[in-house]
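Step one of this worksheet: look at the structure below.
The values are calculated or read from the model by the stated rules, or taken from the named source; none is laboratory data. Everything numeric in this text was worked out from a predicted model, so none of it was measured. Heads up, the Cβs are rebuilt from the backbone with ideal geometry, glycines too, and the neighbour counts pull from every protein chain shown. With ligands, DNA and RNA removed, areas are computed over all heavy atoms of the protein, side chains included. Shrake-Rupley method; radii C 1.70, N 1.55, O 1.52, S 1.80 Å.
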Amino acid sequence: MNRITPNMMPPKIVCRDVWKIFGRAPRRIFKALASESMQHESMEGHIIAVRGVSFEVRTGETFVVMGLSGSGKSTLIRCISRITEPTHGEILVDGQDVLRMRPLELRELRRKRVSMVFQHFGLFPHRRVIDNVAYGLEVRGVPRPKRRERATEVLALVGLEGWEYHFPRQLSGGMQQRVGLARALAVDPDILLFDEPFSALDPLIRHDMQGELQRLQATLQKTSIFITHDFTEALKLGDKIAVMRHGQIVQVGTPQELVINPINDYVGAFVRDAPRGRVLTAQAVMVSCPLTPTSTDRPTISAQTYLDDLLPLMAAYGDPVAVTDDDGLTIGHVDRAGVLKALIRE
């Protein structure tokens, strides 16, 4: 999981009061809702898929949007690049309002700055892997030798070196999804949008692809929005997680914040079976103390040590264990009772 994105980084993506209403007269319905006169308007034939959503994604951050089927998460991510046209709101990318972009500007955004990876791979069956990956560069007009060179580099990056001249039908599902990921990376976008890319894969392959994405993110530090219905996947990949329900964001926070303080029973149902030992860190359960030099005769742990990694140390050395910051100063202590209490699901 990418945990190095500082809060001081400027927002790469900003969504403000984004709505998407499907139907024959979505703007009329929106105006009626905004004026609180909906009781005089008919909702017949209209569906509110996204309802007043606002959030920010920092540069280099992986922002996960999760929720059950029908919660509006896939519609939301399609609004960001205007594959689906929002009914109302602002969507800023590097300060530019995507909803005000002219067709040429929007086309350039999709070609050069934003790439999307879908659940269904969408590969061209008649093209070899290398040409599937190079497609975005082909659209840009990049000469064939250069785009094939770039495609070869990216295929090696996602672990498909040697498969360049196979056809998609000759690859497994997981390998095809790697091709889809390579195709998105080939154009070197600033932003990656993932719409449940691993949900159709077998569990073991899905696990491998999650690890692959973590590895790539640690290396490339792309700004990403990742859609999933799987909370375990969200915990594994997300720096921040937004939980959606009925088109609205219910809660946004770090994995730790959601697990420790779910805002309501809906979020609580998601986090109930979370692997707390791989989510909660020493800093989340420690008893704080004034900054002090760290003693050398007792074991110490980093504030970001997961509880699963802390348990063997506590079993070997007993209580308490000092928690240190990045400068090596003691910022608190943890003991067995505090760790066990944090691990117990209420």
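Below, the figures for the structure above:
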{"read-out": "Set V243, V179: member being part of a strand (DSSP E or B) and either crowded, with 17+ Cβ neighbours inside 10 Å or in contact (Cβ under 8 Å) with a residue 40 or more places away in the chain (or both)", "value": "V243"}
{"read-out": "Hey, D309 under 21 Å from E233 (Cα atoms), open to solvent by 80 Å² or more (accessible area, probe 1.4 Å) and not in a loop (DSSP other than H, G, I, E, B) or not", "value": "yes"}
{"read-out": "Residue list for the range 253-279, restricted to those being under 26 Å from I331 (Cβ atoms), in contact (Cβ under 8 Å) with a residue 60 or more places away in the chain and in contact with a Phe, Trp or Tyr (Cβ under 7 Å, 6 or more places away or on another chain)", "value": "G277"}
{"read-out": "Pick from the range 149-165, criterion in contact with a Leu (Cβ under 9 Å, 6 or more places away or on another chain) and more than 30 Å from H229 (Cα to Cα), ranking: surrounded by the most Cβ atoms within 10 Å (Cβ to Cβ)", "value": "A151"}
{"read-out": "Residue count, the range 49-99 (criterion: open to solvent by 30 Å² or more (accessible area, probe 1.4 Å) and of a type in the set (A, V, I, L, M, F, W, C))", "value": "3"}
{"read-out": "F198 vs. criteria touching a residue at least 24 places away in the same chain (Cβ under 8 Å) and in contact with a strand residue (DSSP E or B) (Cβ under 6 Å, 6 or more places away or on another chain)", "value": "no"}
{"read-out": "Residue in the range 123-144 that is touching a residue at least 60 places away in the same chain (Cβ under 8 Å) and either farther than 30 Å from G67 by Cβ or surrounded by fewer than 19 Cβ atoms within 10 Å (Cβ to Cβ) (or both) present", "value": "no"}
{"read-out": "The range 210-240: number of residues that are assigned to a strand (DSSP E or B), under 18 Å from G67 (Cβ atoms) and open to solvent by less than 50 Å² (accessible area, probe 1.4 Å)", "value": "5"}
{"read-out": "The one condition in (1) in contact (Cβ under 8 Å) with a residue 60 or more places away in the chain; (2) open to solvent by 20 Å² or more (accessible area, probe 1.4 Å); (3) farther than 30 Å from L171 by Cα that R113 fails to fulfil", "value": "(3)"}
